[in-house]
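Take a look at this one; I'll ask things after.
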Amino acid sequence: MLSFFRKRRRGRVLGPEARSRIGAILAGQLDAWRGLRAIERDRLCDLSLVLIAEKRWEGCAGLELTEEMQAVIAAQAALLLLGFDLDPLAAPVYPNVRDILVYPSGYFNTVKRRDALGIVHEGSPNLGEAWYGGPVIVSWEHAAHGARDGADGRNLVLHEFAHKLDMLDGVVDGTPPLPGAAAYTTWRQVMNDAFERLRAARPGASVLVLDRYGATSPAEFFAVATEAFFERSCDLREREPALYDTLAMYYRQDTASRAAS
């Protein structure tokens, strides 16, 4: 019954005219657009339109959200889903995301946090967050930059929405839901080995393809590895082939071949 109403609602949102409108925005704002096939572009537009229509968007700190801003952010989030078997007319899209909050740039998080030493910090500057059971928060400045530069290995939107994929099984541990026991075994071995290599790497090592922030925790490692998989795919495939193959298995996309074409 829910699927019936979802299809009817989305039937009013999706269509050639809406797809053309958002496609025109993405062609000028999203670097990744150039490497997509026509069928992938259509799918990206549809998933983006669903995210825009079904999530509650809020501009914060005086930011007035425009359709262009929503399209740019939604498309980067949708990029992670391109290979998944999701029917844009019926399937839940990021079911654990209800709210997307957008700040003009960096913001100050006032939530108190306790660090590993037990010290309570009153708050911290931030560019984005993905809350378990809560919103995704992003800086528009950095989301826009991430869309325009698809090759620097840093993308705020990909990072935060990768966390949301990780959270789908109810545990924030760097392991999203996978198809069966064998996939979990491979995932844990490959991801743990790569995580430990990153932790052991010297600061500033020129051979690193992953941001060192990924050494913070397995959850951050998955988010950072996702950024590299989509933005430094050829380097990742060359330097961390097992990690690349494991992420390609999960996302069901061969991003390095797409980048090389």
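Picking from Leu49, Leu89, which residue would you name as being in a loop (DSSP other than H, G, I, E, B) and either touching a Cys at 6+ places or on another chain (Cβ under 9 Å) or closer than 17 Å to Ala18 by Cα (or both)?
Within the list Leu49, Leu89, the selection yields Leu89.
Across region 124-144, what is the total count of residues that are in contact (Cβ under 8 Å) with a residue 24 or more places away in the chain, among the small types (Gly, Ala, Ser) and surrounded by fewer than 16 Cβ atoms within 10 Å (Cβ to Cβ)?
Matching residues across region 124-144 total 2.
List every residue pair whose Cβ atoms lie under 7 Å apart, where the two residues are 6 or more positions apart in sequence or sit on different chains, the first residue falls within region 1-16 and is within 14 Å of Arg43 (Cα to Cα) and at pLDDT 80 or above, and the second residue, located anywhere, is part of a helix (DSSP H, G or I) and of a type in the set (A, V, I, L, M, F, W, C).
So the pair list comes out as Arg10/Val50; Val13/Leu49; Val13/Val50; Val13/Ala53; Leu14/Leu49.
On the given criteria, is Ser20 over 23 Å from Ala162 (Cβ atoms) and of a type outside the set (Lys, Arg)?
yes
If you scan region 128-160, which residues turn out to be touching a Pro at 6+ places or on another chain (Cβ under 9 Å) and in a strand (DSSP E or B)? Walk me through how you get there before you give the answer.
Within region 128-160, the subset touching a Pro at 6+ places or on another chain (Cβ under 9 Å) is 129, 139-141.
Once the filter is applied, which keeps residues that are touching a Pro at 6+ places or on another chain (Cβ under 9 Å) and in a strand (DSSP E or B), region 128-160 yields Glu129, Ser139.
One line per residue, one yes/no per condition, for (1) touching a residue at least 60 places away in the same chain (Cβ under 8 Å); (2) touching a helix residue (DSSP H, G or I) at 6+ places or on another chain (Cβ under 7 Å); (3) among the hydroxyl-bearing types (Ser, Thr, Tyr); (4) under 15 Å from Glu160 (Cβ atoms):
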| position | (1), (2), (3), (4) |
| --- | --- |
| Leu210 | no, yes, no, no |
| Phe222 | yes, yes, no, yes |
| Glu227 | yes, yes, no, yes |
| Phe230 | yes, yes, no, yes |
| Leu236 | no, yes, no, no |
| Glu240 | no, yes, no, no |
| Asp245 | no, no, no, no |
| Tyr250 | yes, no, yes, no |
| Ala259 | yes, yes, no, no |
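Taking the residues in region 179-210 that are part of a helix (DSSP H, G or I) and hydroxyl-bearing (Ser, Thr, Tyr) as candidates, determine which candidate is surrounded by the fewest Cβ atoms within 10 Å (Cβ to Cβ).
So, considering only residues that are part of a helix (DSSP H, G or I) and hydroxyl-bearing (Ser, Thr, Tyr), the one surrounded by the fewest Cβ atoms within 10 Å (Cβ to Cβ) is Thr185.
Among the residues of region 56-70, is any basic (Lys, Arg) and either under 21 Å from Phe230 (Cβ atoms) or part of a helix (DSSP H, G or I) (or both)?
Scanning region 56-70 turns up no residue that is basic (Lys, Arg) and either under 21 Å from Phe230 (Cβ atoms) or part of a helix (DSSP H, G or I) (or both).
Within region 133-148, which residues are of a type outside the set (A, V, I, L, M) and either touching a strand residue (DSSP E or B) at 6+ places or on another chain (Cβ under 9 Å) or modelled with pLDDT of 95 or more (or both)?
Selection gives Gly134, Pro135, Ser139, Trp140, Glu141, His142, His145, Gly146, Arg148.
Going by the conditions given, is Ser105 modelled with pLDDT under 95, exposed (fewer than 14 other Cβ atoms within 10 Å of the Cβ) and closer than 17 Å to Gly146 by Cα?
The answer is yes for Ser105.
Within region 170-178, does at least one residue satisfy the condition of being in contact (Cβ under 8 Å) with a residue 12 or more places away in the chain, on the phi > 0 side of the Ramachandran plot and assigned to a loop (DSSP other than H, G, I, E, B)?
yes
The values are calculated or read from the model by the stated rules, or taken from the named source; none is laboratory data. These figures come from a predicted structure and were not determined experimentally. FYI the Cβ positions are ideal-geometry reconstructions off the backbone, even for glycines, and counts take in every protein chain you see.
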